[in-house]
Amino acid sequence: MKQPSPNANALRVASSMRLDDPKKRQKAQKQQSVDRQLAQKPVGLFSHLPQYEKHDNIQARLKKQENIHPIVLSLGLKYQNFTIAGGNARCMAMLEAFKRVISDYVTPSGTSLPRHLPSVISKQVDLLSNTRVLAASMKTAIRELKKEIAVISVDTSDENAKERLLLFIENFQTERIWGPGQVIADQALSNNKIQDGDVILTFGHSSTVLKLLLHAHEQKLQFKVFVADGRPKLEGKEMLKSLVAAGIKCGYTVCSAVPLLMKEVSKVIIGASAVLGNGAILSRVGTAVVCNAAKERQVPVIVVCESYKFLDETRLDSFTWNEIGNPDDLVDISNRGPSEYTLHTSTAPPQNQSAGRLAPWRNLDKLKLLNLHYDVTPAHFITALICEHGIVPSTCALSIARLTADRTGTDF
Amino acid sequence: MVATAASAPDEKFGGITALERLRSIQKENPDVSLSVIVVMALVDIMKNSQTKSTSEFSEYATRAANAFKSLPEKTASMIAGADLFLDPLPKMMVNAGKGSEVFSDWLKNIFESFDKKFVAFREFREKAATNGLPFVKDNAVILVHSYSRAVMLLLRKAHGENKRFKVFVTETSPTSSGTRAVQELRKFQIPAELILDAAVGFIMDRVDMVIAGAEGVVQNGGIINQIGTYQIAVVAKAANKPFYVVTEQYKFVPLFPLSQSDLPIPLPKYFDSADGDKISPRNPNIDYTPPEYISLLFTNVGVLTPSGVSEELIKFFMG
């Protein structure tokens, strides 16, 4: 009988989540294309995850500049500044950029496109992952694109190969991202999941939820929407703007007020960055709080998510994996309204109103700031998951993904 | 396409309406579940339909099935039956396109496959009850709601295996079907006692388990059943008593209710008009029991957890 190797039972954790090991961290730093400075005040509990300072000029820190396409560089900056944010938008933009990368690509002599192009793509991906952690949506798209490159035969002319890849990307954009969003809206409405008189609560910004609500409004359904929002990004404002522009009755609140508001709400509809294997969802930080409040009041929680964001991974908490954002974002409270300051006029007015009292945090020994981007909402908070294949319990996301993969002949 | 497939509930198929046909078949087969009756009625309609092409067939079939789904008297089982009938049609249409067989042969194949299904369906309840048998322990005290053929069969089988157990049956107003269940149980020498629906909380203390039937099993593993089932499940959960469901696979419905008010039935309008002198209760005939209140479901495909039911349903309607 074959003896199992001694490491067979060792815990297998991706090396990107083991950065508390100095060797692994050095190796990771050596491999990445950008020379980044480690965070000045890293948070110990999250030392296994990458924690770096934010660099405004990422181009100057590039190690091997010649490999990065300028459009990818500019895209990276947009990711970093949150000009482009959200799973679908980031993935769409990345694929758009890759279209340019592929059409500008010239195979060097002595190699062939299917052998060389993947390494070029990997370089671009590496740069993007240094601006912000890759979203589940992007990982799926990259995996599928590389798979498509791998099946191109070596004798295909570059022109044909490129044409095929561009077509593939276009199909991915319509069939996996844009189309399913439309189908989800149809599914939800044809099953009467939004009804006249509903008061819907949503959190932050989600393109899929927005599509659904706009579609419901077009069908002349009478409903109200509360947008709950969380600091520091306040992405719900964007959502609110789009909803108000369409003429939907809206309200706006912060996520700490949600439990109070919940008795007015008939449904919670949220988007997701990813649906995990155990039915939990990974979403913008604050979602779990909103869903918890809904569960407490027995308000149904509906998650809308395209199936390309279903992940074959299981996570039980938000600690094992997360994205750690720029701590300075927490310091900036410039989005506070002026009326809030007038309350404090009896004492001396704050020196720097936009930075607030946290401004000197880097010099305060015992103070560390933690800006997490995601949280995990457990499956038992979620009533239903609507994807393009129908309405299912979120624990069935994986079997749905597998079944459709079987049917279309792709592997999952 | 949509316009042709739409149908009114009083449209006549072969001279009689969908409901009339349903009632006549039900009279001939008193022991068969409603969802299977619906499939039988639909096959009957199609046999007398005299359609001349596959597309005509499928259009007529869809129209007839939708007639059942739009009946004012529709129940979850009727929707399950209509979907059960419609489900294999697209596959059959594809097959028809492939072979060069004559339309009449194709038609014969369809009816034969349905006949085979009806034979298989007959075994379903038997299998479901058998799968549930090991859960009925000696000296058990069981609470049963309403009259369900599947639950009755399970209890009879357990009794046949010489297990000693006692049964409390709720009266199940407004149908009083509990009385019928007690009569039948006593006929088989099973100690049975009738209790008020309002006494469920009182009785839960001395009960070991609750067993219920189902009119329909929905996509998240919850059930739609006679009104009163939900509150029993809630009480059972609060008292940490297992809540079991005996059900056949043909009752699985591709529905996903979010709450009690999200059911495919006309809901009573409260505070709309005064009752006048005669006061009578207003309630729907069914309610929805969410999956978190259900311990296990005994089905013909095995003993499933609610999430196991979801997997089965997805396999069935997507595979």
Cα-Cα pairs above 24 Å in region A:94-197: how many percent? 36 percent
Accessible-area loss of at least 10 Å² in the complex relative to the chain alone (1.4 Å probe) applies, within region B:277-319, to B:Glu292, B:Tyr293, B:Ser307, B:Ser310, B:Glu311, B:Ile314, B:Lys315, B:Met318, B:Gly319
Sorted from largest to smallest, which semi-axis lengths in Å does the alpha carbon gyration tensor of the protein assembly as shown give for its equivalent ellipsoid, taking the root of 5 times each eigenvalue? 52, 34, 26
Projected label distance in nm at A:Ser119 and B:Asn139, using a 7 Å step from Cα toward the beta-carbon: 7.6 nm
Evaluate the Debye formula for region B:250-319 with equal point scatterers sitting on the alpha carbons, no solvent, and hand back log10 of I(q)/I(0) at q = 0.12, 0.17, 0.22, 0.26 Å⁻¹, in q order, two decimals. -0.49, -0.77, -1.07, -1.30
Could you identify which residue out of A:Lys78, A:Lys24, A:Lys123 has the top mean-square fluctuation in a GNM of chain A using Cα springs shorter than 10 Å? A:Lys24
Contact order normalised by residue count of chain A, Cα under 8 Å, 6+ apart, percent: 15 percent
If you take each beta carbon of peptide A:191-197 and count the beta carbons of other chains within 10 angstrom, what is the mean? 2
Heavy atoms only, probe 1.4 Å: what % of the accessible area of region B:213-319 goes to carbon and sulfur, would you let me know? 55 percent
Per-q log10 I(q)/I(0), chain A, q = 0.14 Å⁻¹ (Debye; single scatterer per alpha-carbon; no solvent): -1.41
Of the listed pairs A:Lys309/B:Lys127; B:Lys27/B:Lys69; A:Lys193/B:Lys52, which have alpha-carbon separations greater than 31 Å here? A:Lys309/B:Lys127; A:Lys193/B:Lys52
State, as an integer percentage, the relative contact order of region B:138-232 based on alpha-carbon contacts under 8 Å between residues 6 or more apart. 34 percent
Principal axis dimensions, largest first and in whole angstrom, of region B:110-184 by Cα: 46, 32, 16
Stokes-Einstein D for region A:8-121, Kirkwood Rh over Cα pairs, 37 °C, 0.692 mPa s (µm²/s): 197 µm²/s
Classify region A:362-401 as rounded, prolate or oblate, taking a ≥ b ≥ c as the square roots of the eigenvalues of its Cα gyration tensor: rounded when a/c is under 1.5, otherwise prolate if a/b is larger than b/c and oblate if not. prolate
Once you keep just the Cα pairs under 8 angstrom separated by 6 or more residues, what percentage relative contact order results for chain B? 17 percent
If you build a Gaussian network model of chain A, linking Cα atoms that sit under 10 Å apart, which residue out of A:Gly325, A:Gly179, A:Gly44 swings the most? A:Gly44
From a point 7 Å beyond the Cα of A:Leu166 in the direction of its Cβ, which residues of region A:101-120 have a backbone N at a distance under 14 Å? A:101-106
Write down the Kirkwood hydrodynamic radius of chain B, to one decimal in angstroms, obtained as one divided by the mean of 1/r over all alpha carbon pairs. 21.0 Å
What residue among A:Gly230, A:Gly110, A:Gly286 shows peak mean-square fluctuation when chain A is described by a Gaussian network model with Cα springs under 10 Å? A:Gly110
Run a plain Debye calculation on region A:178-263 (Cα atoms as equal point scatterers, no solvent) and give log10 I(q)/I(0) at q = 0.17 Å⁻¹, rounded to two decimals, same order as the q list. -0.68
Backbone N under 16 Å from the B:Glu184 label point (7 Å along Cα→Cβ), restricted to region B:113-133: B:124-130
Run through every distinct alpha carbon pair of region B:86-215 and return the Kirkwood hydrodynamic radius in angstroms, one decimal place. 17.3 Å
Using helices alone, what [θ] at 222 nm do you get for the protein assembly as shown, with -39,500 (n - 2.57) per DSSP H run of 4 or more residues, divided over all residues and rounded to the nearest 500? -13000 deg cm²/dmol
Does region B:31-79 come out rounded, prolate or oblate, given a ≥ b ≥ c as the square roots of the eigenvalues of its C-alpha gyration tensor, rounded meaning a/c under 1.5 and, failing that, prolate meaning a/b above b/c? oblate
By its C-alpha gyration tensor, with a ≥ b ≥ c as the square roots of the eigenvalues, how is region B:190-317 shaped: rounded for a/c under 1.5, else prolate for a/b larger than b/c, else oblate? oblate
Which entries of A:Lys99/A:Lys211; A:Lys54/A:Lys241; A:Lys54/A:Lys78; A:Lys23/A:Lys146; A:Lys263/B:Lys251 have Cα-Cα distances beyond 23 Å here? A:Lys99/A:Lys211; A:Lys54/A:Lys241; A:Lys23/A:Lys146; A:Lys263/B:Lys251
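The values are calculated or read from the model by the stated rules, or taken from the named source; none is laboratory data. Keep in mind the model is a prediction, meaning the values are calculated, not measured. In this analysis, Cβ positions are derived from the backbone assuming ideal geometry, glycine residues included, and neighbour counts consider all displayed protein chains. Quick note on the areas: whole protein, heavy atoms, side chains included, nothing else; ligands and nucleic acids left out. Shrake-Rupley method; radii C 1.70, N 1.55, O 1.52, S 1.80 Å.
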